[in-house]
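Peer 1: Please read through the structure below; I'll follow up with questions.
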There are 2 protein chains.
Amino acid sequence: MKEVEYIVKGEYLVTMGPSGVIERGALAVDGGRIIEVGKEEDLKRTYRGRTEIGGPGRAVLPSFVNTHTHAPMVYFRGLADDLPLNEWLQKHIWPQEARWLGPEFIRDATELACLEMLKAGITLYNDMYFFEDASAEVLNRVGMRGVLGAGILDFPTSEAKTTDEYFSKAEGFIQRWHRDTLVVPSVAPHAPYTCSPETYKRAVELAERYDLPVHTHLSETEWEVEEVMKRYGKRPVEHLDSHGVLNQRVVAAHCVWVSEEEIEILAKRGVKVSHCIESNLKLASGIAPVPEMLRAGVRVTFGTDSAASNNDLDILSEMSTAAKVHKAISRDPTVLDAETVLRMATLWGAEALGLADRIGSLETGKEADLIVIDLRTPHLSPIYNIYSHIVYAARGSDIEAVMVRGRLLINEGEPLTIDEEEVLQKARRWAEKIKDAS
Amino acid sequence: MKEVEYIVKGEYLVTMGPSGVIERGALAVDGGRIIEVGKEEDLKRTYRGRTEIGGPGRAVLPSFVNTHTHAPMVYFRGLADDLPLNEWLQKHIWPQEARWLGPEFIRDATELACLEMLKAGITLYNDMYFFEDASAEVLNRVGMRGVLGAGILDFPTSEAKTTDEYFSKAEGFIQRWHRDTLVVPSVAPHAPYTCSPETYKRAVELAERYDLPVHTHLSETEWEVEEVMKRYGKRPVEHLDSHGVLNQRVVAAHCVWVSEEEIEILAKRGVKVSHCIESNLKLASGIAPVPEMLRAGVRVTFGTDSAASNNDLDILSEMSTAAKVHKAISRDPTVLDAETVLRMATLWGAEALGLADRIGSLETGKEADLIVIDLRTPHLSPIYNIYSHIVYAARGSDIEAVMVRGRLLINEGEPLTIDEEEVLQKARRWAEKIKDAS
């Protein structure tokens, strides 16, 4: 008998890898990695776990990947809703950001965002915001993963005054963090209407130099398409492609307004799309042609966008909404079937962020990033198909345990590396200041 | 000091009545009714509660109303998903129904549905299914409310063989239950493509005789519109209206494919619409013109439809989905604002089922049907606007307490009148039989 740190058991072990779903399956986890995957009865002949988690009535699966968010904006959740986009941004979000952003805000808000995401089974998120050193420190303290990039724009913000300053800060951040275990730095040119083609080129060169992801917004609104057409005579995807900046390291958030030709470009260049359906719906931006992108071979993944627009950081609910909405829009109830949707939220998310060789599925040799879902609840009873239950009926509150690199971060629904009470109190205090300033 | 059974306290007392939101508010509850509503500090000068529930960090609001479901189908949750409607019905749902339906199935499945709904804050649901005596008995045992009607069709099912038999069974059910406190019988002609105009007329007459709601499906799919056009030369709403069967006691589920003229008819006749957005999306039926109906003055409420199509019985998630989807479809982020959406799910739901004089808002003299939401969680922090939090961010698991007619049915998230363990075990046993027969 070989002793390992954990045996993780599931009535349904949903590997998202070649083994598919293993009923009454188990994983042996040691040294941060999955040592073996199999039937529980077989595995237990070889391994003894110092700790066992999961068991009957549980599903074990790779944890969720959130491929587009602005995590610290969680402090603006519900600050201003049901408003036109411009009024929302100009009268509410931007003035508050101008007033509060700084390392202290980012650190406290990121802690809340991490706590919310972990409890909802997200262990890796792709962030674009400011003062990302503060976020990186939180991730290391908490034990969660993030791909972090400070937004680069051709105009001044709290982060920097000139394009050069953005780049020099970005490279400094990269140098400090690109060898980290949990944090991957990214380069994050904001959008085609806020960054010149030169800025995009410089961003992609920087990313290539360090072998990092590029994170950008792309074709979120019809206004953006018109604006880019006006300036450059091309639609946004065509425009960026004409400057040679689209490739397999680019994660493009939204891609709502993309033509057939642009979908072909995204497919050919291997661009990864972060589909943020709840944000796109709530801000009335539109509905991305996801079934068409999937058919063309584009890797589509899920992003929550910020909690200020959405209003939560919950991939389970993005999956459910997307799977349903695209059926209605395409008039075809067979599109975005539950298994595909779960793959988009797990393995493809990891792939989009360049980490599919390490995480995203439960396979021998991969790092142990996983969740345990408790199925023994009224809204998950009875059970016929595990994919369908996860995508259409499970909620964040069903997540019993969360593990990153073999370290248990949530157990019995409670965080082990974050002081929840303290995080909620800090949020209250910040909200009072923000309200007073509104 | 007057002693009352309960003082219910909320940092936000969301009355959905003329008092709006009372911060640090409280209710005195006694003999099943709300005795007084006010600021906690004022109320406590007059009343002492034998039990106090709620408190800081909680929202107290009227419980949710589910205006269209087939509750016992919860046993078919996830049995067959991502399929075309006809294949789903003909190959999966109908054969299973033909095999299993009977009082025992209905009783056990209704218990699970009630448990799921109560835990998600729903205390009143509008049901159309079969063998409703079994459901009525469950409701009385559990302490929850339902408007129950056996489906009436012009062809045989497990319930009855002829139209006459349906009506004689319906009237028998009405006579047994129409004086009940928790159960309201309804008359439930299934749909314009399964019931003749004569059947509808007979149904409405029966409902008028006993002053009860009429519950029907209406204009759910484009196929239905074509079919009714073919048979009667009119669109479904026009067709029913031409036979004089639309009035203020009719609750019409779906109304997806309604023309401008038909919206006018619905408004003029005072028909209540049950909007089942998640079911309509998932079955690719289409998206009802809800902003247009609201503008025309139609009372639109929320239904979950059955858990076999949706896949849960959760009005919180219907609210969130509807509020977002209609913004995108109408290209206007101001439609279905959070306060309107919450009114649709509470007061208007009660009104649709003829119960707004008794429940649906927190007002002195009304019966105490209410929920307490725990806001002290990461995904509900920080807080600026309570309506927005309930509609866009709250989940079923945030519901701490549920009360019907002044009786506490859920406390600290746990059911007090249902044995959850037993209900889940029964669901497992039934599912094994159903799987074996698939």
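The values are calculated or read from the model by the stated rules, or taken from the named source; none is laboratory data. Every value quoted in this text rests on a predicted model; they were computed, and no experiment measured them. As a convention, Cβ positions derive from the backbone with ideal geometry for all residues, glycine included, and neighbour counts pool all protein chains shown. For the accessible areas, the whole protein counts, side chains as well, though only heavy atoms, and no ligand, DNA or RNA atoms are used. Shrake-Rupley method; radii C 1.70, N 1.55, O 1.52, S 1.80 Å.
Peer 1: Being more than 14 Å from chain A (Cβ to nearest Cβ) and modelled with pLDDT of 95 or more narrows it down to one of B:PRO95, B:PRO18, so name that one.
Peer 2: It is B:PRO18.
Peer 1: Out of (1) open to solvent by less than 20 Å² (accessible area, probe 1.4 Å); (2) more than 8 Å from chain A (Cβ to nearest Cβ), what's the single condition that is false for B:GLU261?
Peer 2: Unmet condition: (1).
Peer 1: Mind checking which helices (runs of 4 or more DSSP H) fall wholly inside the range B:329-438 and carry at least 2 residues that are open to solvent by 30 Å² or more (accessible area, probe 1.4 Å) and more than 10 Å from chain A (Cβ to nearest Cβ)?
Peer 2: B:347-352, B:420-437
Peer 1: Pick from B:ALA207, B:ALA203: which is surrounded by 18 or more Cβ atoms within 10 Å (Cβ to Cβ) and within 20 Å of the chain's Cα centre (by Cα)?
Peer 2: Sole residue among the options that is surrounded by 18 or more Cβ atoms within 10 Å (Cβ to Cβ) and within 20 Å of the chain's Cα centre (by Cα): B:ALA207.
Peer 1: Looking at the structure I just gave you, is A:LEU43 modelled with pLDDT of 95 or more and outside the structural domain of A:HIS178 (by TED's automatic domain parsing)?
Peer 2: yes
Peer 1: Something else: Identify, by number, the condition in (1) touching a Ser or Thr at 6+ places or on another chain (Cβ under 8 Å); (2) in a helix (DSSP H, G or I); (3) open to solvent by less than 30 Å² (accessible area, probe 1.4 Å) that B:ARG107 doesn't meet.
Peer 2: (3)
Peer 1: Please tell me if B:HIS326 is open to solvent by less than 10 Å² (accessible area, probe 1.4 Å), farther than 28 Å from B:ARG249 by Cα and either more than 7 Å from chain A (Cβ to nearest Cβ) or touching a residue at least 60 places away in the same chain (Cβ under 8 Å) (or both).
Peer 2: Criteria not met by B:HIS326.
Peer 1: For the range B:6-25, enumerate the residues that are part of a strand (DSSP E or B) and either free of Cβ contacts under 8 Å to residues at least 24 places away in the same chain or open to solvent by 60 Å² or more (accessible area, probe 1.4 Å) (or both).
Peer 2: B:ILE22, B:GLU23, B:ARG24
Peer 1: Any residue at all in the range A:158-167 that is assigned to a helix (DSSP H, G or I) and out of contact with any strand residue (DSSP E or B) (no Cβ under 9 Å at 6 or more places or on another chain)?
Peer 2: yes
Peer 1: Is at least one residue of the range B:52-63 more than 14 Å from chain A (Cβ to nearest Cβ), hydrophobic (A, V, I, L, M, F, W, C), open to solvent by less than 10 Å² (accessible area, probe 1.4 Å) and within 24 Å of the chain's Cα centre (by Cα)?
Peer 2: Yes: the range B:52-63 contains one or more residues that are more than 14 Å from chain A (Cβ to nearest Cβ), hydrophobic (A, V, I, L, M, F, W, C), open to solvent by less than 10 Å² (accessible area, probe 1.4 Å) and within 24 Å of the chain's Cα centre (by Cα).
Peer 1: Surrounded by fewer than 18 Cβ atoms within 10 Å (Cβ to Cβ), among the charged types (D, E, K, R), in the same structural domain as B:GLY286 (by TED's automatic domain parsing) and without any contact (Cβ under 8 Å) to a residue 12 or more places away in the chain: is that true of B:ARG179 in this structure?
Peer 2: When the stated conditions are applied, B:ARG179 passes them.
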